[in-house]
Amino acid sequence: MTEWLKRAVFYEIYPQSFRDSNGDGIGDFNGIIEKLDYIKGLGCNAIWMNPCYDSPFRDAGYDVRDYKKVASRYGTEEELCRLFEEVHARGMHILLDLVPGHTSEEHPWFRESAKEERNEYSGRYIWTDNWFQRAEGFPYIAGECERNGAYILNYFKCQPALNYGFLEPKETWQKPLDHPDCLATRAAMIDIMCYWLEKGCDGFRVDMADSLVKNDDADKSGTCLVWSDMIARVHKKYPDASFVSEWNNPAAAIGKAGFQMDFFLDWFGNGYNLLMRDYDDSGRDDSFFRQDSRRSILDFLEEYMPKYEKIKDKGLYCLITGNHDMIRAAYNLKERELKLAYAFLFTMPGAPFLYYGDEIGMRYQKLPCREGGYTRTGSRTPMQWDQSANCGFSAAEREALYLPVEQGVDIPTVAAQEERADSLLHTVRDILAIRGKYADFADHANLEIVSASDGQRSFAYRRGSLLMLCNPSGVRETLVVDNMEQRSWEKLYEIGAGTWQGNSCLLEGQSFVILSGR
Ligand code: NOJ
């Protein structure tokens, strides 16, 4: 694994909403450059930026019209390259968002592919043999194009699926992975990756990485094969290129496909959800980090640990505070609860990903859909820098903003939290500073759960010589940690207090303690 990844802490930027430098109401590359020192000052040394390519923006840029052209609303290619340089000048790294599974229906490849006359792009997407033939088992569109056939979608209606083939083709229109059309799609994607790596980006967050090969088996062997080939070929030219997959399956993504990192995501009501987002419309909320939850951390670990164990020596299984697709964590957690949750996320193995604004507990806004965001729109609002007009996001008129900024006197802002010594922002900085200082956090195979059991809210875990203890409940709890007295311990950080007697630690309600042993 590339050395910098072992110490990486990512900051996710939704470019629309981070900082508008030219007063047109939407964020831009120069705005991000202005704020790089802020990001570095948080303790983040890497950035993932959501898609910034030319697009009709029917899915916020995940509908790419031209992979090699930047969206003019964010600036020019020169400005993006300057962003790469400024990032590197600060010893940081940056990943672009790669959308390999589909394009916009406005992409010239698709336009060519939709023509009746055969051309270079006829096989770039997945078409049935005639207009009457259904693509059974897939979302598909028929009757819209000149071409006599129906085509498969990968996500929204505006996103036709690129053709990487079928694991076991069953119909004439389904091609094997090594069909020249499928190989041409791979080559085109490799070419795009090399284009941006040459310009200076450090790698990619890969959208829907698991979606490439159709009718793939449970192990995703076809998709793994395609990725391992593409990544190996990119690595021949750019050995340090880094890849994080949106896959939620580290055994496949890291173990077989060649990614260095995969995310633990909020898919299918899984263990990730249990930490901060275990609620439903009925008002039930049993998120682990809520003070009033009844859960044990085992509910999370039962899913996390087996997946982690399988890849811990090979790559990073990454935990996130949130992202542009989910409800903000502050929606249902209070500041103290967020502090404990982040302390946990930032001291676990894998590279942590901090979603912009989560460091100040930006809240979820109920808003009408923008650019295909639907319920996600409310987590994509402008960054709240200070109490000036538009929260310091933009000098534009309020009506011209990409999305409205939150209103109110008590809204979280960076400036207000700078002033308050016990703010979430300071907690984030303090914990990330500790993470950066101790080499044990750069060893991602060293997680050991030392205390966790059913019916117990508190838990403890070790990373080498570091010991973390957490009590998310509202009342004092005693945790027993075997062999405590065999070492001397230095307290590195605490939210709330822990007092020791032999192997027992009395943890205050809602506390988190980091100790270093000698
Ligand atoms: C996952 C992205 O995170 C999401 O925002 C997007 O809508 C879909 N993939 C489709 O590309």
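Evaluate the following for Arg336: is it assigned to a helix (DSSP H, G or I), within 16 Å of the ligand (Cβ to nearest atom) and surrounded by fewer than 23 Cβ atoms within 10 Å (Cβ to Cβ)? Please lay out each step first, then the result.
Numbers: assigned to a helix (DSSP H, G or I): yes; within 16 Å of the ligand (Cβ to nearest atom): no; surrounded by fewer than 23 Cβ atoms within 10 Å (Cβ to Cβ): yes.
For Arg336, the condition - assigned to a helix (DSSP H, G or I), within 16 Å of the ligand (Cβ to nearest atom) and surrounded by fewer than 23 Cβ atoms within 10 Å (Cβ to Cβ) - is not met.
Looking at the structure I just gave you, is Tyr67 touching a Leu at 6+ places or on another chain (Cβ under 9 Å) and either outside any loop (DSSP other than H, G, I, E, B) or away from the ligand (no atom under 16 Å from the Cβ) (or both)? Answer is yes for this residue.
Considering (1) open to solvent by less than 40 Å² (accessible area, probe 1.4 Å); (2) over 30 Å from Tyr438 (Cα atoms); (3) touching a Lys or Arg at 6+ places or on another chain (Cβ under 9 Å); (4) away from the ligand (no atom under 16 Å from the Cβ), the lone condition that Pro404 does not fulfil carries the number (1). Would you check which residues across region 66-101 are within 15 Å of Gly31 (Cβ to Cβ) and open to solvent by 30 Å² or more (accessible area, probe 1.4 Å) and list them? Of everything in region 66-101, those that are within 15 Å of Gly31 (Cβ to Cβ) and open to solvent by 30 Å² or more (accessible area, probe 1.4 Å) turn out to be Ser72, Arg73, Thr76, Glu79, Arg82, Glu86.
Being more than 16 Å from the ligand (Cβ to nearest atom), assigned to a loop (DSSP other than H, G, I, E, B) and within 24 Å of Asp229 (Cβ to Cβ) is a property that does not hold for Gly137.
Within region 81-110, being closer than 17 Å to Tyr11 by Cβ and touching a Gly at 6+ places or on another chain (Cβ under 9 Å) holds for Leu83, Phe84, Val87, His88, His93, Ile94, Leu95, Leu96, Asp97. If you go through region 341-376 and pick out every residue that is more than 18 Å from Phe264 (Cβ to Cβ) and either touching a Pro at 6+ places or on another chain (Cβ under 7 Å) or not in a helix (DSSP H, G or I) (or both), you end up with 16.
Can you name the residue in region 359-387 that is of a type in the set (D, E, K, R) and within 16 Å of the ligand (Cβ to nearest atom) and is also least open to solvent (accessible area, probe 1.4 Å) among such residues? Checking each candidate, the answer is Arg380.
Taking the options Gly255, Gly222, name whichever one is buried (at least 16 other Cβ atoms within 10 Å of the Cβ) and assigned to a helix (DSSP H, G or I).
Criteria check complete, one pass: Gly222.
Confirm whether Gly255 is more than 16 Å from the ligand (Cβ to nearest atom), in contact with a helix residue (DSSP H, G or I) (Cβ under 7 Å, 6 or more places away or on another chain), not assigned by TED's automatic domain parsing to the domain that holds Tyr67 and not hydroxyl-bearing (Ser, Thr, Tyr). Taking the combined requirement at face value, the residue satisfies it.
The values are calculated or read from the model by the stated rules, or taken from the named source; none is laboratory data. No experiment lies behind these values; they were computed from the predicted model shown. For neighbour counting, all protein chains shown are included, and Cβ atoms are generated from backbone atoms with ideal geometry for every residue, glycine included. What goes into the accessible areas is simple: the full protein's heavy atoms, side chains included, and nothing from ligands, DNA or RNA. Shrake-Rupley method; radii C 1.70, N 1.55, O 1.52, S 1.80 Å.
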